[in-house]
Amino acid sequence: MDWGAIIQNSFRGFIGEPFIYFSLAAMGLNMHYGYTGLLNFGQAVFMAAGAYGLSMAVVTLGLNFWWGLLLGIVIFPLLLALIMGVPTLRLRADYLAIVTIAASEMFRIIARSPSLDRWTGSSDGLTAFANRFYDFNPFDKQKRYFFGLFIGNQMWVVLIGWIVLSIVVLIVWMTMRSPWGRVLRAIREDEDAARSLGKNAYWFKMQSLIIGGMFGALGGMFRAIGTQSAQPQNFITDVTFFAWVALILGGAAKVGGPIAGAAILYGILNFTDVLLRQLVENGYMPEAIMDGTQVGQVRFMMIGLGLILLAIYRPQGIFGTKEEMALDDR
Amino acid sequence: MTAEPSTAQELFDGVPYEPGAAKNDPILVADNVRRAFGGLVAVDVEHLEVQLGAITALIGPNGAGTTTFCNLLTNFDEPDTGDRLFEGNDLLGVSAYKVANLGMVRTFQLTKSLSKMTVIDNMRLGGTEQAGESFFRALLPFLWRRQEAEITQRADALLERFKLSHMRDEFAGTLSGGQRKLLEMARALMVRPNMVMLDEPMAGVNPALKQSLLDHVTGLRDEGMTVLFVEHDMDMVQEISDWVVVMAEGRIIAEGPPESIASNQAVVDAYLGSHHDSALDLEAD
């Protein structure tokens, strides 16, 4: 048993690339669901908007990297939010849920269609669009950094990821202490009450959808930059629900909830992955129970078990407060 | 404690006791307001004027359409046809939140306290034209901190008046039903309305709290606000209203000062015709 590898991998999951992009996506969901009460089951499409915004700008349209950032972080998510929000935000919460889940599947299926190969690269996706990003990399590509966890290029992605994540946390923290955040929370509690006090609930919901979507786009963009590729398969529905798991684990409507949730989710995923592999390789795990090819599935089963236990013993999430949860029943 | 004498009766000098009577100084005028749900005509009001600076009660047996009419007047529901003028502003196509900003604020039959927000945050929410309600300015606290302090001060004064100060930092969800009614009324005042519309302010309130609620409602009028309230509690109607409008089956069937209503034949028919067991004690006098 190589305990060093187990600890190192778990720690990498805790702070590494997947942690960064799922935290960002979950921060967006927290804005949507935790603070405003919007049910977004298509965060993957906002993530895809970030990834494809950048990659299409650079590869398909031949624009420079900076225009790619603008397109991916601002313009694509903004348009998406408007397209999905304008028809649904005046209606009950369920309609947005339906539209978001449909939109995320539509985007993925359209993006991989062979007839759009020239634009989206179809199922192979687009590659090599973030060279400009790595041009600024101050780290040595050959060396390992941060307790040997990341090689130079990864370190650069992760470092910028941490910085962007901190900025997003700061934005959420500040806005949620402001009158703007107060209106969002009021809308979550009771939209009509907010309206009766002169608040334009529709517009505030739209702002929340746009801003949360932009956080999601940042997450998707990091995923694309980290792997230098934007592929439809990276934005399947599971991705949305991973972000949801991170949010629920950590606790909705808490600023740090999504981050803690994403860290724990990927920490546990990596930990169980390496642990199970080592157990199998070293013969501690009887063949009858599982073999090496099943490790991937078993770790998700364990996450599922963990979520069930969480729902039973700590439904408010790790950072949530029980008192607040109890108010729902009154 | 006895009822305070009504002070706004003289506003109705010369107004005939009949449905759709023209008032001396109307703040709100509704014309041919009609709303049908499928085949059921819930509201069909030919004409109604609400007197400025008075307490008007809107009563009616269950299903008379009072709450629907309330929703139509505040644009929480759109009428099929009809015009509504509030202080001369046509309300056609105006969003509900804009109606509130025009100065007509409503409360709800089922109290809408924002459970997972503190009492003081419930109050602060009512402040209008808050600079910090813009996303970008929200990131720059120095732009709204002073306004926030001013709003908080006003909120605290109102909480004091409505005797909710001790609950200031508790979640609104922990308040009792009566306290929530008080909070909702206090919160509505944060908007600084010219007119408040209370939908069944007494529903589910214990008798001890009732008297203080009544005092608060008359207090609103004494401050110059116009009050329109929907209520089934006849004691409250008799005690504090200056003018009573009676609805039945979506129409206005009678209007007049509270004394005149109890003896009105149309009202007696409306209540006793379909509700023999009504708590309304119409034949006492």
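Rounded to the nearest 5, the antiparallel percentage of DSSP beta bridges internal to chain B is 60%. In chain A, helical runs assigned H by DSSP with n ≥ 4 each contribute -39500 (n - 2.57); averaged across all residues and rounded to the nearest 500, the mean residue ellipticity at 222 nm is -21000 deg cm²/dmol. For B:ARG106, the residues 5 or more places off, or on other chains, whose built amide H falls under 5 Å of its own are B:MET197. Quote the FRET efficiency, to the nearest 0.05, computed for A:ILE236 versus B:GLN153 with a Förster distance R0 of 51 Å and r equal to the Cβ-Cβ distance. Efficiency, rounded to the nearest 0.05: 0.45. Projecting the Cα positions of A:ALA217, A:LEU310, A:GLY181 onto the charge dipole of chain A (unit charges on Cβ atoms of Lys, Arg, Asp and Glu, taken about the Cα centre) puts A:GLY181 furthest along the positive direction.
Charges were assigned to the Cβ only: +1 to each Lys and Arg, -1 to each Asp and Glu. The resulting dipole of the protein assembly as shown about its Cα centre is roughly 3840 debye.
Accessible area per residue (1.4 Å probe, heavy atoms of protein chains only) ranks A:ILE83, A:ILE160, A:ILE6 as A:ILE83, A:ILE160, A:ILE6, with the largest value leading. Around B:VAL230, what is the net charge, scoring Lys/Arg as +1 and Asp/Glu as -1 over all other residues with Cβ under 13 Å from its Cβ? Combined, the nearby Lys, Arg, Asp and Glu give -3. The charge dipole of chain B, taken about its Cα centre with unit charges on the Cβ atoms of Lys, Arg (+1), Asp and Glu (-1) only, comes to about 1580 debye. With all protein chains kept in place, the per residue accessible area of the stretch A:221-321 amounts to 46 square angstrom at a probe of 1.4 angstrom. Which angle from 0 to 90°, rounded to the nearest 10, does the C-alpha axis of helix B:145-161 make with the longest principal axis of chain B? Tilt relative to chain B: about 40 degrees. DSSP beta bridges fully contained in the protein assembly as shown are about 65 percent antiparallel. Relative to a virtual label point 7 Å from the Cα of A:ARG314 in the Cα→beta-carbon direction, which members of the stretch A:259-293 show backbone nitrogen distances below 18 Å? Inside the label zone: A:259-272.
Taking all protein chains into account, the per residue accessible area for chain B stands at 42 Å² (1.4 Å probe). Buried area at the B:A interface is about 3000 square angstrom, summed over both chains, from accessible surfaces computed with a 1.4 angstrom probe. To one decimal place, what Kirkwood hydrodynamic radius in Å is obtained for the stretch A:83-128 from all pairs of distinct Cα atoms? For the stretch A:83-128, the Kirkwood estimate is 12.0 Å.
Among B:GLU148, B:GLU223, the order of accessible area from largest down is B:GLU223, B:GLU148, computed with a 1.4 Å probe on protein heavy atoms. When only the Cβ of Lys, Arg, Asp and Glu is charged (+1, +1, -1, -1), the dipole of the stretch A:203-330 relative to its Cα centre reaches about 380 debye.
The simple spin-label model puts a point 7 Å past each Cα toward its Cβ; for B:ASP215 and A:LEU307 those points are separated by 5.5 nm.
Membrane-span-like helices of chain A, defined as complete DSSP H segments with a Cα extent of 24 Å or more along the helix axis and a mean Kyte hydropathy of at least 1.6, are identified as A:152-176, A:295-313.
Legend: residue pairs A:LYS205/A:LYS322; B:LYS163/B:LYS210; A:LYS322/B:LYS181, Cα-Cα distance threshold 18 Å; pairs beyond threshold, A:LYS205/A:LYS322; A:LYS322/B:LYS181. The portion of the accessible surface of the stretch B:119-174 made up by carbon and sulfur, rounded to a whole percent, is 55 (1.4 Å probe; DNA, RNA and ligands excluded). The stretch A:183-243 and the stretch B:6-56 have Cα centres lying 45 Å from one another.
For chain B, the longest principal axis of the C-alpha atoms and the axis of helix B:177-189 are separated by about 80°. Counts of other chain beta carbons within 10 angstrom of each beta carbon in peptide A:197-207 average 6. Amide H to amide H distances under 5 Å link B:ALA36 with B:ALA42, B:ASP80, where only residues 5 or more positions off or on other chains count and H is placed in the peptide plane.
Projecting the Cα positions of A:GLN43, A:GLY28, A:GLY13 onto the charge dipole of chain A (unit charges on Cβ atoms of Lys, Arg, Asp and Glu, taken about the Cα centre) puts A:GLY28 furthest along the positive direction. B:ASP31 exposes around 60 Å² of accessible area when a 1.4 Å probe is run over every protein chain in place.
From the largest down, the stretch A:3-236 spans 61, 45, 33 angstrom on the principal axes of its Cα atoms. Partner shielding of B:100-112 amounts to 3, given as the average count of beta-carbon atoms from other chains within 10 Å of each residue beta-carbon.
Highest GNM mean-square fluctuation among A:MET290, A:MET176, A:MET84, for chain A modelled with Cα contacts below 10 Å: A:MET290. Stokes-Einstein diffusion for the stretch B:119-174, with the hydrodynamic radius set to the Kirkwood value over Cα pairs and evaluated at 10 °C in a medium of 1.306 mPa s, equals 133 µm²/s. Each residue of the stretch B:75-86 was assigned a 3J(HN,Hα) from its phi angle through the Karplus expression (A = 6.51, B = -1.76, C = 1.60, θ = phi - 60°), giving 6, 6, 9, 9, x, 5, 9, x, 10, 10, 10, 10 Hz with x at Gly and Pro.
When shorter helices are ignored and each DSSP H run of at least 4 residues is given -39500 (n - 2.57), the per-residue value for chain B at 222 nm works out to -9500 deg cm²/dmol.
Between A:ARG112, A:ARG195, A:ARG223, the GNM of chain A built on Cα springs shorter than 10 angstrom shows A:ARG195 fluctuating the most.
Simple rule: put +1 on each Lys or Arg Cβ and -1 on each Asp or Glu Cβ in the stretch A:3-236, find the dipole, and look at A:PRO87, A:VAL172, A:GLN207; the Cα lying farthest toward the positive end is A:VAL172. Here the 3J(HN,Hα) profile of the stretch B:231-241, calculated from phi with Karplus coefficients 6.51, -1.76 and 1.60 at θ = phi - 60°, is 7, 9, 6, 5, 4, 5, 4, 5, 6, 10, 7 Hz, Gly and Pro shown as x.
The values are calculated or read from the model by the stated rules, or taken from the named source; none is laboratory data. Values in this document were obtained by computation on a predicted structure and should not be read as measured data. Note that we place each Cβ from the backbone using ideal geometry, even for glycine, and neighbour counts take in every protein chain shown. The accessibility values were calculated without ligands, DNA or RNA, using every heavy atom of the protein model including side chains. Shrake-Rupley method; radii C 1.70, N 1.55, O 1.52, S 1.80 Å.
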